[in-house]
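See structure below.
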Amino acid sequence: MSITSYAQNFEDVMLWRALGAIKNGVYIDVGAQHPTIDSVSKVFYEHGWRGVHIEPTSAYADLLRRDRPDEIVLQVALSNTSGALSLHVMPETGLSTADDVIAEQHRKHGLTMHTITVPCITLADVFKQIGEHDVHWLKIDVEGFERQVVEGWAQHPARPWIVVIESTLPLTTLESHRDWEDLVLSYGYESVYFDGLNRYYLSVQHPELRAAFRVAPNLFDEFELNGTANAPFTRLIERRHRSELQQIRSSNEEAKQTAYLEYKRAKQSTASREAYLVQQEITLNQQLRSAQATIDEIKAERDQTLLAVQEEFERTAQTFQTREQSILQREQALSEQLDDVKRSLHTLEQDHVKQGHEHAERERALIAERTLAIDALTAQLLAAQQELLTLSQDRVARERVLNQHIQRLGDETVTLMRAVVQREREFSRDHAEALKLAEAASNERTLQHTNQLVAQRDDAARREQSLQEEIRALHERLTQAHAVLAAREAAHLAQTQEGLAHAQQLAEHEYQLQIALQEQRTAHVATEHQLAETRRRVELEQAAQDALRVDFAAQVAYAAAVEGEIAWMRQTLTWRLTTPLRRLRGAVPKAARIASPSPVTQPARTEAALDVAIEAVTPSTVAPPSTPDALPTAPLIFGHIGLEHAMTTIKHVDDLLDLHDVAFIEATYRVLLMREPDVEGMRYYLRRLRSGHGKAKALAQIAASAEARSRQRELPGLRDLIDRQRRVEHWFWGFFSRGQRIEQQLNRLENELGRFSRYPTHIKPQPDVEEDRETDAESQAQGLPDLSGLSLSAKRIYADLSRATTNLTKKEAL
């Protein structure tokens, strides 16, 4: 369900997410302030919830009562005791507080305030007013007075499901929950969420709501911003809304003013034209009345003439009707007489029939007589009929004449009527023509004026309609602007929310990606390092093996060549004469320790032992290299090799001499110069070690440098080693030390074996198992150290060298 958020920091969104499924819930809002702006309870009120508002200031309490008439509004403050307290009121802000320190800080920042005394009750009293109903959420926003409010809870058993308390000092991000959180937790609550301003505490009786506080408000909460909150993210929307609304209102006022002026001008123009048309209408009505009077006179004269003609026609018709009645009466009398004769004749005929035949004659005579009488009567009747016919003809003639006269009178009447009609027509035509001309002129003028008036009216109507349309359009534009603005606000709000949610998702995703990328980079770097290290170890081992093989072959060849030279030298007189001096040199304590004791040089390196060793070398036809630099050497390696352990603490110079190659140079630099070796120094001393120069000589050279003298580092045994090295390098002892080249080669071989002994064993080639076992058994039989960490080739070289050393020792003993 989509909701509208009114709160300052989305508190209502978080509470609705947890409690939105509850119908008709109950809440307590301590420090409610405005019923809409920054209100946490507004969205719940819109969805049927009801609760109690605690607001000590009268202005906000009255607003709450007007907006929420069906809720309880307590105009009191909350504290740990009932009574009265002083409240520092800052009008039109939500910063009113009972804390004197916070009020003084607000006063220093320039806020206007005044102090009032308000009644106060405890939170337990509020719970008592609610009764047994469950309180689903309690919000406390009292600007630094939180502990006193929570203390007022006391021992009341009410436990709201969720408690929201503002936990930062007013207008700062400094958290203040440590002053009162222990009290809240003691009532059986746990802190589940902090939004930067408020802390949310969930009752332990409702752990099912804990998941609702796992993430911050986001787009899945489906909420819209009301835009009235004091949060910074709504100010830009409000400013834009006000600016656009002001522009629309200004434009609307200008349009209304312009429309009103145009309407006023049109109304004035229409009034003047209507007055002119009224005057024209009066003039035309007068002319029309004059013409109508003339027409009435003509009609009266015509009526009198028609009346006289009609009276004369009626008199003539009356005369004709009287004569016609007289003729009809005479004809009726004659008809009656004829009927009497016919009846008498009939009677006679009947009497004659009744008398029979006896009276036939008489009757015949009588009949004859009567016939004669009848003939006479018939003649008279014929005469009467003739006379009647004549009278009828006369009547017809008279009627014809009368008809002719009537016809003539009718014709004359018709002619007269026609003349009258013609006269009337002519008069009407003339009058009509005159009237038509007058009317045409009047109509033309009237039409012009009417057209002008109609045009003006139409123009005014059009203007009025246009103005109405413009006003309607402006109203529609205003409505559309409001709708667009609302849509923009909604879209911008949705975009803002979506952007916030998306930014949060992106931030979380980016953080996860960074973590994953960092892990991948770390794993990749580690893998690359392992791979590079493995490759380097393989290459180093291979190069070392090749170098050792070549070096050992050269050493063997050179030892064979030297053996012949030593055999020749021992036969000379000089060698026999200097034998006591060589024995004296061997008696010097630790004189032979010019190199570190290593698995290669287990026997003591005295000149006598070296002589015996040289004599034991088998002759060879391979000539030694002409110079030490011509000897094949392993590639220079800078840095640590293989799985090097941390450097052991150097307590004596022997600890340095026990190291080889790079490790020896690094340890020497750290001990004597107190730094890591530079590239040039590493290259120089590494080349000397690998060309056969002794470690004692390198130690003496580094110790004699100006940097080492400035460091003044003291290492036990170092001074004795330097002194021995000086005596060894003296020209007198050098004259008798013709085995220096052999010693140099042995130093090289010792250094290479020391390097090779540090290589890891897991990358060496798989040796022949039986041969490897034989070599290990042989080494153990000879009393050599454990060589299981070396490759087969290194074991072979080590074994060969050990056998040669043993043979030299045996020959020396003989």
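Go over the candidates 131, 110 one by one and state the one that is surrounded by fewer than 19 Cβ atoms within 10 Å (Cβ to Cβ), of a type in the set (Gly, Ala, Ser) and under 21 Å from residue 19 (Cβ atoms).
Values: 110 fails: under 21 Å from residue 19 (Cβ atoms).
Result of the check over 131, 110: 131.
Exactly one of these conditions fails for residue 185: (1) exposed (fewer than 15 other Cβ atoms within 10 Å of the Cβ); (2) in contact with a helix residue (DSSP H, G or I) (Cβ under 7 Å, 6 or more places away or on another chain). Give me its number.
Every listed condition holds for residue 185 apart from (2).
Find the residue count for the range 668-695, including only residues that are part of a helix (DSSP H, G or I) and either more than 60 Å from the chain's Cα centre (by Cα) or closer than 23 Å to residue 746 by Cβ (or both).
18
One residue is enough: does the range 244-258 have a residue meeting the conditions surrounded by 14 or more Cβ atoms within 10 Å (Cβ to Cβ), of a type in the set (Asp, Glu), modelled with pLDDT under 80 and on the phi < 0 side of the Ramachandran plot?
Keep residues of the range 244-258 that are surrounded by 14 or more Cβ atoms within 10 Å (Cβ to Cβ), which gives 244-245, 248, 251-252, 255-256.
Adding the requirement that they be of a type in the set (Asp, Glu) leaves 244.
In the following step, the residues that additionally are modelled with pLDDT under 80 were identified as 244.
Of the ones still in play, those that are also on the phi < 0 side of the Ramachandran plot are 244.
Yes, the range 244-258 contains at least one residue that is surrounded by 14 or more Cβ atoms within 10 Å (Cβ to Cβ), of a type in the set (Asp, Glu), modelled with pLDDT under 80 and on the phi < 0 side of the Ramachandran plot.
Here is a list: 76, 150. Which entry is surrounded by 21 or more Cβ atoms within 10 Å (Cβ to Cβ) and either modelled with pLDDT of 90 or more or of a type in the set (A, V, I, L, M) (or both)?
150
Among the residues of the range 494-503, is there at least one that is among the hydrophobic types (A, V, I, L, M, F, W, C) and modelled with pLDDT of 75 or more?
Yes, the range 494-503 contains a residue that is among the hydrophobic types (A, V, I, L, M, F, W, C) and modelled with pLDDT of 75 or more.
Quick one: which strands (runs of 3 or more DSSP E) lie wholly within the range 20-81 and hold at least 3 residues that are in contact with a Leu (Cβ under 8 Å, 6 or more places away or on another chain) and under 19 Å from residue 146 (Cβ atoms)?
26-30, 50-54
Within the range 18-72, can you find the residues that are touching a residue at least 24 places away in the same chain (Cβ under 8 Å), under 22 Å from residue 159 (Cα atoms) and among the aliphatic types (A, V, I, L, M)?
Listed by number, the residues that qualify are 18, 19, 22, 26, 28, 30, 32, 40, 52, 54, 72.
Could you check how many residues of the range 502-555 are over 26 Å from the mean Cα position of the chain (by Cα) and among the aromatic types (Phe, Trp, Tyr)?
1
Do the conditions hold for residue 108, that is, is it at negative phi and at pLDDT 95 or above?
no
The values are calculated or read from the model by the stated rules, or taken from the named source; none is laboratory data. None of the values given here were measured: they were computed from a predicted structure. Note: ideal-geometry Cβ built from the backbone for every residue, glycine included; neighbour counts use all protein chains shown.
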